[in-house]
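The values are calculated or read from the model by the stated rules, or taken from the named source; none is laboratory data. Remember, it's a predicted structure, so these values are computed and weren't measured experimentally. Cβ placement follows ideal geometry from the backbone for every residue including glycine, while neighbour counts extend to all protein chains displayed. The accessibility values were calculated without ligands, DNA or RNA, using every heavy atom of the protein model including side chains. Shrake-Rupley method; radii C 1.70, N 1.55, O 1.52, S 1.80 Å.
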There are 4 protein chains.
Amino acid sequence: MPNDLLKGKKGIIFGALNEMSIAWKVAEKSYEQGAEFLLTNTPVSMRLGTIDELAAKCNTEVIPADATSDEDLENLVIKAVEKYGKLDFVLHSIGMSPNVRKKLTYDNLNYDFYHKTLDISALSFHKVIAILKKHDAMKEWGSIVALSYVAAQRTLYGYNDMADAKALLESIARSFGYIYGREKKVRINTISQSPTLTTAGSGVKGIDGLMDFTDRMSPLGNATAEECADYCITLFSDLTKKVTMQNLYHDGGFSSMGMSLKAMTQYEKSFDSPDGD
Amino acid sequence: MPNDLLKGKKGIIFGALNEMSIAWKVAEKSYEQGAEFLLTNTPVSMRLGTIDELAAKCNTEVIPADATSDEDLENLVIKAVEKYGKLDFVLHSIGMSPNVRKKLTYDNLNYDFYHKTLDISALSFHKVIAILKKHDAMKEWGSIVALSYVAAQRTLYGYNDMADAKALLESIARSFGYIYGREKKVRINTISQSPTLTTAGSGVKGIDGLMDFTDRMSPLGNATAEECADYCITLFSDLTKKVTMQNLYHDGGFSSMGMSLKAMTQYEKSFDSPDGD
Amino acid sequence: MPNDLLKGKKGIIFGALNEMSIAWKVAEKSYEQGAEFLLTNTPVSMRLGTIDELAAKCNTEVIPADATSDEDLENLVIKAVEKYGKLDFVLHSIGMSPNVRKKLTYDNLNYDFYHKTLDISALSFHKVIAILKKHDAMKEWGSIVALSYVAAQRTLYGYNDMADAKALLESIARSFGYIYGREKKVRINTISQSPTLTTAGSGVKGIDGLMDFTDRMSPLGNATAEECADYCITLFSDLTKKVTMQNLYHDGGFSSMGMSLKAMTQYEKSFDSPDGD
Amino acid sequence: MPNDLLKGKKGIIFGALNEMSIAWKVAEKSYEQGAEFLLTNTPVSMRLGTIDELAAKCNTEVIPADATSDEDLENLVIKAVEKYGKLDFVLHSIGMSPNVRKKLTYDNLNYDFYHKTLDISALSFHKVIAILKKHDAMKEWGSIVALSYVAAQRTLYGYNDMADAKALLESIARSFGYIYGREKKVRINTISQSPTLTTAGSGVKGIDGLMDFTDRMSPLGNATAEECADYCITLFSDLTKKVTMQNLYHDGGFSSMGMSLKAMTQYEKSFDSPDGD
């Protein structure tokens, strides 16, 4: 049920690959709520995914950009400002670890890959913001959001160097949130979302078992991509103007749980199993 | 600019004293957004304040209730359900410390007063929720919000036993958020608001100096009561369904600041003053 | 291996019931490290347990005291000061919930019991400190420690109103830590200990399953009562003089874990069980 | 007063430049407590500082190593194991930001420098641990500690990209703490120390004003380098075996303060100053 919450608002949405993507849902919901925006992703993601369909649905276009490239970002921001004037919102939904892809374990990382993980998953956020600020491309009280994960605070086996990247991402949100806030009243936050079965999420080791566990641990169950998009809408809207430098859990309550009855009931079944030790 | 975000939603709003109150602003904004609700406060607060004006503006009525009294709360909830059917949202904006009023210092508390501080400022939240649940008075995905303060995490001189009460309040939000979430999908959160010049806030020792400091520390400045009301609207809406058991800072960034240039610049002037040591 | 770490130090240890108690282990270790101290517990606990044996071992005496009684505490503190002069350390290891004992669920609490839970498990800490301060009974740089649990931050089913009591306890440590620190340089901290099979811990619902889970989640396994006592020694010693107002996790890493391979491997066995859903 | 707390323990201490360094104090205190260890620093730091004096005092030698170089670290670890056998403790006290040195602001960073900041101040910690693990150079229950700062959680103007580096450092401590803990029972923690007037600290913008403020905010005052060394000793000792994956504040209480009377009293003097606005 659209409410024109973003009527007249302009933005850029990074990271929509296909209809499983959180960024895809954010684009759909933002469009429903009256926003106009550019879509962007890397050229290779554009080929692998179906972002053009999304652009057609949302009556907009895709500007390819590698979020680690200053030039690409500069080109994107300039085009956005030419088209819309100053912007109201930006979504950063970008993350990738070559170490995870190559199945290198955390105690045996390739450090060039590690720098790449940080570059793609965290520094890209700094670069996006720095270029927006350099071009004075955000309206006062504009809103910049990046997607994060609880691994930034608590270690999950197999999440590997992406945990460090998310911790860095959240730190960048604070560091730049201070500066962009004091100078231009722009707010910067991260959303710490439940594990989500996106194309990226699917690659994480043991994601199914983990999602079953977090779903049973969370009193409201795991949050879906679509629900995450709803939450983004509130952060882009004028109703959250004084929220900044925060990492906001959108996870059905998981982050505040120590143990639920439902998860423990399941866990205890493991001891009835043939090889439950 | 109302967006019908709460169209058709029903609720109860605790704690509006006069037009400085955050609860007052929440009522106004909720009404603008299409909600219907009962107002409530203690009989003594009703006499001291102007809640009847608010009721008239919002086309509703005031049901007096002492939030520490099970009977009063039961009466209120029954009336609300009679009038509206099941509820979508509840705001708890209640806090008072007899120790603070009597200027007893934290190392010399009256323990009967201390229990009263907890009873009024924290247990009342438990009671409200318990009675809502007992009467099955909340719709699935309903939203319950209480107002808190950063003193729950960080000590501020003069805030006294209210700090402990806020820590307890936030714990109750988690404890009950788990249970009400798993059983009825009801979410429970607290908002940790900037120091605010309400009638209650005015009583806090050194509130002016503190508000100047937090305003200079926060990149977006202190959040006002009106902005806090906007934020409540998002938490009552369907856009935040999977947010629960959280304490959400609405403070212009203060909670994530260690030191701002603006606050330090002011601080350093103190050494130029005639008696700056 | 004693190191005379507490040589010449004097203290009071609350809460030793029997040799499973953490406080018991703290007494033994403190004695080994050269400390002298009074033991105390409620008269009923003294009858149920074997604290007299401990007193004999540690060459000291037991002064009965109900930690919720100002008079009892006053008597205890006066006796301690008469015997030792000013004190260096105090351990508070006290907690009890009548609601848990009576198997009342969190959504159906008895509020008189709730106040009792808070009184015994949290306010008693305030009272102990207030009376120490009133009698100026602590040396500068003295150390006061209370035992807490991660339920103060994250909800565990069945832990009930003890979670709220622990949140309050930790808040009291901060609130009083500020005041006693600035005025007398006394530090106040809480240790958030792994679930521990003490007589008190044994009463918690589902403690076995929970302890298995936390043990598999924690890279170093659950911390034992004896290890907790070692940690207390460091906090009583002169080596931690500038640590105050902190809640310190002593839990084998549990608090920083999202999911371990070991816990997930066990969890996944549950789906092989005859009725694993 | 040495207590033989580290008697027979062997280690490596990174980062002693001169007698203002925290690592210097850690070396002195560890030596007093009976430990043997290698010292290490970069060749350029060795020339600028006086580490040879320290080595003489502690009856040991300095092995030069650039902590960003795998080969240097490998050489160091092999030499340490040859000399001592497996190790009990390692201190990482390393941090540097070329962006800070070149006075580039956070919204105008050089990204090569940024990667260098992370490489020197955070990844070096990963490399040290990875090489220790690869050579199986740590004893079971060994202890690895790195020095951090509250900027990892809260933004301080002028601390720049070092804040991000500290957030990354703390994340690495968790990520590797999980793996090294589960496999070899090695614990990994960070100490979040008060601002300290080391040679490195002196370079931070506005450090004097900041240290005055944090000193007045902290009920026990700022923690000194020497006190930090005492705290390290407890973490290297056998008394803290189950503490891992933690960031431990050693700051006189600063991290748990919202506002102290002392800091506010000073702050309010600023309004009496000739140009207090």
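In the stretch C:141-160, what residues drop by 50 Å² or more of accessible area when the other protein chains are put back, versus the chain on its own? Use 1.4 Å, and skip ligands and nucleic acids.
C:R154, C:T155, C:Y157
What do you get for the angle between helix C:124-134 and the principal long axis of chain C? Use alpha-carbon atoms, 0 to 90 degrees, nearest ten.
Once rounded, the angle reads 20 degrees.
Taking the 0 to 90 degree range and rounding to the nearest ten, how far is the long axis of helix D:207-217 tilted relative to the main principal axis of chain D, both from C-alpha atoms?
It works out to around 80 degrees.
Pop out the ³J(HN,Hα) list for the stretch A:255-270 in order, Karplus 6.51 cos²θ - 1.76 cosθ + 1.60 with θ = phi - 60°, rounded to Hz; leave Gly and Pro as x.
3J(HN,Hα) across the stretch A:255-270, in whole Hz: 4, 9, 9, x, 6, 9, 4, 5, 5, 5, 4, 5, 4, 5, 4, 4.
Under the convention of a label 7 Å out along Cα→Cβ, give the distances in nm from A:D238 to the same position in every other copy, shortest first.
2.3, 6.4, 6.7
Determine the share of the stretch B:142-277's accessible area contributed by carbon and sulfur atoms, expressed in whole percent, with a 1.4 angstrom probe.
Heavy-atom surface of the stretch B:142-277 belonging to carbon and sulfur, 1.4 Å probe: 51 percent.
Taking 7 Å along the Cα-to-C-beta vector as the label spot, tell me the C:V44-C:F271 distance in nanometres, rounded to one decimal.
My value for the distance between the label points is 4.8 nm.
Over the stretch C:139-243, what is the mean sequence separation of C-alpha contacts under 8 Å (at least six apart), divided by residue count, expressed as relative contact order in percent?
Reported relative contact order: 33 percent.
Report, to the nearest 10°, how far helix C:161-184 tilts away from the longest principal axis of the Cα atoms in chain C, using its own Cα long axis and a range of 0 to 90°.
Relative to chain C, helix C:161-184 is tipped by roughly 30 degrees.
If you average the C-alpha positions of the stretch D:18-37 and of the stretch C:228-277 separately, how far apart do those two centres end up, in angstrom?
Rounded to whole Å, the Cα centres lie 30 Å apart.
Roughly how much accessible area, to the nearest 100 Å², goes out of reach of solvent when A and B pair up, both sides summed, probe 1.4 Å?
Using a 1.4 Å probe, the pair buries roughly 3500 Å².
Which of A:G253, A:G177, A:G209 moves most in a GNM of chain A, Cα contacts under 10 Å?
Greatest mean-square fluctuation among the candidates belongs to A:G209.
Through the Karplus equation 6.51 cos²θ - 1.76 cosθ + 1.60, θ set to phi - 60°, convert the phi angles of the stretch B:189-200 into ³J(HN,Hα) values in whole Hz; use x for Gly and Pro.
Whole-Hz 3J(HN,Hα) from phi for the stretch B:189-200: 9, 10, 10, 9, 8, 3, x, 10, 7, 7, 4, 5.
For the stretch D:10-272, what's the relative contact order in percent, using C-alpha pairs closer than 8 Å and at least 6 residues apart?
19
Show the residues, 5+ positions off or on another chain, whose built amide H is closer than 5 Å to the amide H of A:I94.
Placed amide hydrogens put A:L147 under 5 Å from A:I94.
If you place +1 on the Cβ of every Lys and Arg, -1 on the Cβ of every Asp and Glu, and leave all else neutral, what size is the dipole of the stretch C:10-272 about its Cα centre, to the nearest 20 Debye?
The dipole magnitude comes to about 600 debye.
Under a 1.4 Å probe, what is the accessible area of the stretch B:1-126 per residue, stated in Å²?
So the stretch B:1-126 comes to 43 Å² accessible per residue, rounded to a whole number.
Which of rounded, prolate or oblate describes the stretch C:193-241 when judged by the alpha-carbon gyration tensor and an a/c cut-off of 1.5? Don't skip to the answer; put the middle values down first.
Working: a/c = 3.79, a/b = 1.87, b/c = 2.02.
Cα axes put the stretch C:193-241 in the oblate bin.
Measuring nothing but label to label, 7 Å from Cα along Cα→Cβ, what are C:G85's distances to the other copies in nm, shortest first?
Output for C:G85: 4.3, 7.6, 7.7 nm, nearest copy listed first.
Report for the protein assembly as shown the percent antiparallel among DSSP-assigned beta bridges with both residues inside it, nearest 5.
Antiparallel bridges: around 0 percent, rounded to the nearest 5.
Given H placed 1.01 Å from N in the peptide plane, which residues other than close sequence neighbours of C:M138 have an amide H under 5 Å from its amide H?
Here the answer is C:L87, since their amide H atoms fall under 5 Å of that of C:M138.
Quick check of the Kirkwood formula: for chain C, what is the inverse mean of 1/r over all pairs of different Cα atoms, in Å?
The Cα-based Kirkwood calculation yields 19.2 Å.
Would you calculate a helix-derived [θ] at 222 nm for chain B, using -39,500 (n - 2.57) for each DSSP H run of n ≥ 4 and dividing by the full residue count, to the nearest 500?
Per the formula, -13000 deg cm²/dmol.
Just check the stretch B:1-47 against the gyration tensor rule for me: Cα atoms, a ≥ b ≥ c as the square roots of the eigenvalues, rounded for a/c under 1.5, and otherwise prolate or oblate depending on whether a/b exceeds b/c. Intermediate values should be presented prior to the final figure.
Numbers: a/c = 4.11, a/b = 1.88, b/c = 2.18.
Oblate shape, in that a/c is at least 1.5 and b/c is the bigger or equal ratio.
Place the label 7 angstrom along Cα→C-beta at D:I207 and in each other copy, then list the distances from the first to the rest in nm, shortest first.
Label point to label point, same position, other copies: 4.1, 4.6, 5.0 nm.
Determine the shielding of peptide B:216-229 by partner chains: average, over its residues, the number of Cβ atoms on other chains within 10 angstrom of each Cβ.
On the way: counts 2, 4, 6, 15, 13, 4, 1, 3, 2, 0, 0, 6, 1, 1.
Going residue by residue through B:216-229 and averaging, the value is 4.
Please calculate how many Å² of accessible area the stretch D:217-277 carries per residue, with a 1.4 Å probe and no DNA, RNA or ligand atoms counted.
Per-residue accessible area for the stretch D:217-277 comes out at 25 Å².
When a/c reaches 1.5 or more, the comparison of a/b and b/c decides; with that in mind, is the protein assembly as shown rounded, prolate or oblate per its Cα gyration tensor?
Judged from the Cα gyration tensor, the protein assembly as shown comes out rounded (a/c under 1.5).
For chain C, give me the percentage of DSSP beta bridges that are antiparallel, rounded to the nearest 5 percent.
Among the beta bridges of chain C, antiparallel pairing accounts for roughly 0 percent.
Antiparallel versus total DSSP beta bridges in the stretch D:118-266: what percent is that, nearest 5? Kindly include the intermediate steps, with their values, before the conclusion.
Values: 0 of 10 bridges.
Close to 0 percent.
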